[in-house]
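The values are calculated or read from the model by the stated rules, or taken from the named source; none is laboratory data. Just so it is clear, the model here is predicted, and its values are computed rather than measured. As a convention, Cβ positions derive from the backbone with ideal geometry for all residues, glycine included, and neighbour counts pool all protein chains shown. To get the accessible areas, we keep the full protein, side chains included, count just its heavy atoms, and leave off ligands, DNA and RNA. Shrake-Rupley method; radii C 1.70, N 1.55, O 1.52, S 1.80 Å.
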Amino acid sequence: MSPSNDNPQTGWNFDNTYARLPEFFFTKQEAKPVGSPKLIVLNDPLAAELGLDPEALRSEANVAVFAGNEVPTGAEPLAQAYAGHQFGHFTMLGDGRALLLGEQIAPGGDRFDIQLKGSGRTPYSRGGDGRAALGPMLREYIISEAMHALGIPTTRSLAVVTTGETVVREQGLRGAILTRVAASHVRVGTFQYAAQFGEPADVRTLADYVIQRHYPELAELADNGEAGRYLALLREAVQRQAALIAKWQLVGFIHGVMNTDNMALSGETIDYGPCAFMDAYDPATVFSSIDRHGRYAYGNQPSIAVWNLSRFAESLLPLLHEEEDQAVRLAEEALHGFAWQFEAAWLQGMRSKLGLFGEQEGDAALVKDLLDLMHQHRADFTNTFLALTFGRREEPPMAGTSEWSEWLSRWQARLDGQTESQEAVRERMRRSNPAVIPRNHRVEEALEAAVERDDYGVMQRLLEALTQPFAHTPEQADYAELPAACDRPYRTFCGT
Ligand code: AMP
Ligand code: MG
């Protein structure tokens, strides 16, 4: 990495609070330069939100920044240390192929981590090469931007560059680096790292940092106990995760590797590895080839979130109360909040998907019976709700059965019992049921064109459709089509 890239027009405006934490939390590290960087995709609207000039970002000097060949003025690159439970097993981890360049202060004052993913080896690389391949980095770009457009908190993707180098996986692949933007990269695993390998003071330092950065309203609370700020932090983290996982479930998103190092304290979705969107509704759906026991299946995501939050709570225990049994009691109470907060957010979201206003006794049963029918008939999750939105009641595979007619009558009766106009109901459903999700076969088609043929048009068109999921334009209808062999099980791979 060359020392600096002085380009005032670009708009880089770094302030690096993470680099001010004790060195226990990171290792200062520069990216390993790459041979011939080339910009593949740049997110102009995100650049503007960050106060960056898209034209200047396209310059050779700045493409060198995205490649890790130059450090922008004010950045202090470092690799973050963390640990985590991977498929239930505790391991020391850390940024093995990523670097935090620094924190960009956007024009409104908001602070964003700017991270390079695929930037070379670090002290946390273990056996890995520190590199990433083009396909998986474009995949993260596409899915994270689709999630953002769906209104789901997520890290974002600013740019992807190819490195001009080959990364060795089962075969040689084109190397690439993703520039990832996040509210922060502090994970449950960062707390586990502090609790396992540090002093109690380190956990406190980290907790105070997270409070300052993500929950500043808690900073004034007492030191510990029932009214203390660390218990409040746990409660807030539980609440954000409950809201987040409810949103995932409502669009059929399956994260794939909900390890504790892949759960961010900001409440954003993070680390798009073997994730995918469900087609046919089935709670047991798993895409990841490495998830042999279905630990991270669609229907397990809420309970895995609680499992991960329990690891977070364990790290915080010494801060919650001086007496351990009291600390455990407080932590358990906070964790119990997940179930009802998740249920409430999810049911509210399902009401919106069905155009229901207000709350009625039978709503939960109405939703459950619909999902049971969808499961039984392997109905497509997204398209069933679209069919209901646009009055195509004969379209789902259960059409023609008496159970379907019966369910439709119950739903119609519920709609007839509310005072809102048909137009208001339709509008609510249009805004709650996406016309497009990043279906696996369409994502694969875009990646194949990009990686194999250097054709980025397919991906651009897909991104256009995905970034306005509630527009319901005629062009988007094309993206609602199911894969030709829709019963062929789709598999994502972790060799990213
Ligand atoms: P992930 O599965 O992407 O959440 O990564 C789990 C851990 O493996 C993290 O500590 C990563 O930094 C690390 N890792 C993943 N791929 C590589 C690689 N190619 N080289 C070095 N470390 C890696
Ligand atoms: Mg990870």
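One table, with the values for the structure above:
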read-out	value
Whole-percent carbon and sulfur share, accessible surface of the range 184-331, 1.4 Å	48 percent
Highest-first arrangement of 326-334, 412-420, where packing means the average Cβ count within 10 Å	326-334, 412-420
Estimated [θ] at 222 nm from DSSP helical runs (n ≥ 4, -39500 (n - 2.57)) normalised by residues in the chain, nearest 500	-13000 deg cm²/dmol
Whole-percent carbon and sulfur share, accessible surface of the range 8-182, 1.4 Å	52 percent
Leu42, Leu99, reordered so the largest accessible area comes first (probe 1.4 Å)	Leu42, Leu99
Highest-first arrangement of 456-464, 281-289, 356-364, where packing means the average Cβ count within 10 Å	281-289, 456-464, 356-364
Distant-in-sequence amide H partners of Val41 (H built 1.01 Å from N, under 5 Å)	Val160
Additional length obtainable on full extension of the chain from Lys28 to Tyr490, 0.36 nm per residue less Cα span	162.3 nm
Between the range 352-396 and the range 256-327, the alpha-carbon center distance in angstrom	27 Å
Where Rh is the Kirkwood radius over Cα pairs, Rg/Rh for the range 1-111	1.01
Which of Leu356, Gly417, Gln376, positive extreme of dipole for the range 356-430 (C-beta unit charges)	Gln376
Distance between modelled label sites at Glu314 and Ala424, nm, 7 Å Cα→Cβ extension	4.9 nm
Length-normalised contact order for the chain - Cα pairs under 8 Å, 6+ apart - percent	13 percent
Per-selection metrics, the range 418-463 (Cα): Rg and Dmax in Å	17.3, 55
Unit charges on C-beta of K, R, D, E only; dipole of the range 8-182, Debye	600 debye
Relative contact order for the range 36-139, counting Cα pairs under 8 Å that sit 6 or more residues apart, in percent	20 percent
Cα gyration tensor category, rounded, prolate or oblate, for the range 8-182 with a/c compared to 1.5	rounded
In nm, spacing of pseudo-spin labels at Glu60 and Leu482 (7 Å Cα→C-beta vector)	5.2 nm
Average accessible surface area per residue within the range 356-430, 1.4 Å rolling probe, Å²	53 Å²
Mean Cα-pair separation over length for the range 8-182, i.e. relative contact order, pairs under 8 Å, 6 or more apart, %	25 percent
Kyte-Doolittle mean at least 0.5, axial Cα span of 24 Å or more - DSSP H helices of the chain	301-320
Cα gyration tensor of the range 188-351 - equivalent ellipsoid semi-axes, whole Å, descending	29, 17, 13
Net charge dipole size for the range 356-430 [Lys, Arg +1 and Asp, Glu -1 on Cβ; Debye, nearest 20]	220 debye
Inter-probe distance in nm under a simple model that places probes 7 Å from Cα toward Cβ, at Thr467 and His336	4.7 nm
Interchain or long-range residues, amide H under 5 Å from Gly94's placed H	Tyr82
Heavy-atom surface of the range 209-296, accessible at 1.4 Å and reported per residue (Å²)	30 Å²
Overall form of the range 18-69 per C-alpha gyration tensor (a/c, 1.5; a/b vs b/c)	oblate
For the range 188-351, with +1 on Lys and Arg beta carbons and -1 on Asp and Glu, the positive-most of Val188, Ile211, Gln341 along the dipole	Gln341
C-alpha center-to-center spacing [the range 68-140, the range 220-237] in angstrom	30 Å
Dipole magnitude of the range 188-351, debye to nearest 20 (Cβ charges: Lys/Arg +1, Asp/Glu -1, about Cα centre)	640 debye
Mean projected area (nm²) of the alpha-carbon convex hull when the range 356-430 is viewed from all directions	4.7 nm²
Percentage, to the nearest whole number, of Cα pairs in the chain over 38 Å apart	28 percent
Percent of Cα pairs exceeding the 16 Å cut-off, where the set is the range 147-244	69 percent
